[in-house]
1. Which of the residues spanning region 163-197 are without any contact (Cβ under 8 Å) to a residue 60 or more places away in the chain and touching a helix residue (DSSP H, G or I) at 6+ places or on another chain (Cβ under 8 Å)?
2. Using the structure shown, decide if residue 134 is farther than 27 Å from residue 244 by Cβ, out of contact with any strand residue (DSSP E or B) (no Cβ under 6 Å at 6 or more places or on another chain) and surrounded by fewer than 18 Cβ atoms within 10 Å (Cβ to Cβ).
3. Report yes if residue 285 is on the phi < 0 side of the Ramachandran plot, modelled with pLDDT of 95 or more and open to solvent by 50 Å² or more (accessible area, probe 1.4 Å), otherwise no.
4. Please tell me if residue 185 is more than 20 Å from residue 214 (Cβ to Cβ) and either exposed (fewer than 14 other Cβ atoms within 10 Å of the Cβ) or not basic (Lys, Arg) (or both).
5. Looking only at residues in region 254-270 that are modelled with pLDDT of 65 or more and in a loop (DSSP other than H, G, I, E, B), which one is least open to solvent (accessible area, probe 1.4 Å)?
6. Can you find even one residue in region 187-209 that is in contact with a His (Cβ under 9 Å, 6 or more places away or on another chain) and assigned to a loop (DSSP other than H, G, I, E, B)?
7. Residue 176 - would you say it is open to solvent by 60 Å² or more (accessible area, probe 1.4 Å) and over 19 Å from residue 115 (Cα atoms)?
8. Just to be sure before I move on: is residue 305 modelled with pLDDT under 95, surrounded by 15 or more Cβ atoms within 10 Å (Cβ to Cβ), in a helix (DSSP H, G or I) and touching a helix residue (DSSP H, G or I) at 6+ places or on another chain (Cβ under 7 Å) in the structure I sent?
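The values are calculated or read from the model by the stated rules, or taken from the named source; none is laboratory data. In this text, all values refer to a predicted model and were calculated from it rather than measured experimentally. Glycine also receives a Cβ, built like all others from the backbone with ideal geometry; neighbour counts cover every protein chain displayed. Only protein heavy atoms, including side chains, enter the accessible area calculation; ligands, DNA and RNA are left aside. Shrake-Rupley method; radii C 1.70, N 1.55, O 1.52, S 1.80 Å.
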Amino acid sequence: MNYEQCDKVSRVVVLGGTGFVGEALARQLANTALPPSRFIVHRSQPEWLDVVGVEVKKVDLSDSAEVLAALRGHDILINLLRPDGTGWYPTLMRSLQPTFRETGISRCLHASSIDVYAGVLERQIDEGTLPCPLSAYEQEHLIAEEILTGSFSETIVLRLGAIFGSGGRNLVSLAEEMKQAPSWKIALRRVLYGERRMHLVSVETVAQALVKLAFDRKIHGSQIVLVTDDSDPNNNFAFVQDRFAQAFGREFPKFGPTSPRFFLRFLLRLRGLPAQAIDRRFSAIRATELGLVSEAFTSRLDNYASDLARVTRKSGA
């Protein structure tokens, strides 16, 4: 990333971010070419946050005065707080809205999810596609988007794909299967699910997108941006499974082409999953215009698969 384009005055404050996405972001923000950044934590404070090189402020999010004091003096807010479908998240966001409006922060970057499109029937999805959430978790994402868009003069909502990377949970079940499942089962799953799109995005791509949009001097205006690695044709189950098999040193028979799409749709319906998801594509046009698209999907997938295989060997499993 070319940090010469960064605004040397703007200061970033991150709300939440104690998980693996926050860790990747913190390591990006700790670059000495960038202004100092602050992480606001409200519950846990992981060990990596103490040594990564960013300021940490522990705050009671139910105390509006405390939150306001922690946010003031910053220009950019990155919100990494995530819902869980239980209701606390939209309640918290609504309670903080008056505080957000008082902060003087000019730009908010909000990490949302492509899960808000769960029930959409269209195959091609772009920023203009109307969301169709199916669960409380997905609905809470939309509520937070609306609240934050109404709280700042400029809010950029990043609807993120299925994030993978060190410390994350996506693809861990695939690694577990690759570690212990019989070869016939691995081969069968490839036949059944090989064509299914995964809509993955590396944690590095997400962190780089957040940093780039935070410090870009150009005013983009409030908008939605899809951030996935979906433009990569290899972002499908068969390719991902093959890379994991290579990392784990597994060989399994290939029974020819994967099953017809109509059969996969049938299987997904049996599992209560949206059948249209196998044909879904997320547009990368806007992300490309903003310089957020990465060409490192395969190398980052390989690194993650190797990390999971290494952990497996160390554990002696």
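1. 177, 185, 189
2. In short, yes.
3. When the stated conditions are applied, residue 285 passes them.
4. Working: more than 20 Å from residue 214 (Cβ to Cβ): yes; either exposed (fewer than 14 other Cβ atoms within 10 Å of the Cβ) or not basic (Lys, Arg) (or both): yes.
Considered against the rule, which asks whether it is more than 20 Å from residue 214 (Cβ to Cβ) and either exposed (fewer than 14 other Cβ atoms within 10 Å of the Cβ) or not basic (Lys, Arg) (or both), residue 185 comes out as yes.
5. Initial filter on region 254-270 (modelled with pLDDT of 65 or more): 254, 258, 260-270.
Now narrow it down to the ones that are in a loop (DSSP other than H, G, I, E, B): 254, 258, 260.
Values: 254: 113, 258: 34, 260: 71 Å².
That would be 258.
6. Taking every residue of region 187-209 in turn, none turns out to be in contact with a His (Cβ under 9 Å, 6 or more places away or on another chain) and assigned to a loop (DSSP other than H, G, I, E, B).
7. yes
8. Details: modelled with pLDDT under 95: no; surrounded by 15 or more Cβ atoms within 10 Å (Cβ to Cβ): yes; in a helix (DSSP H, G or I): yes; touching a helix residue (DSSP H, G or I) at 6+ places or on another chain (Cβ under 7 Å): yes.
No.
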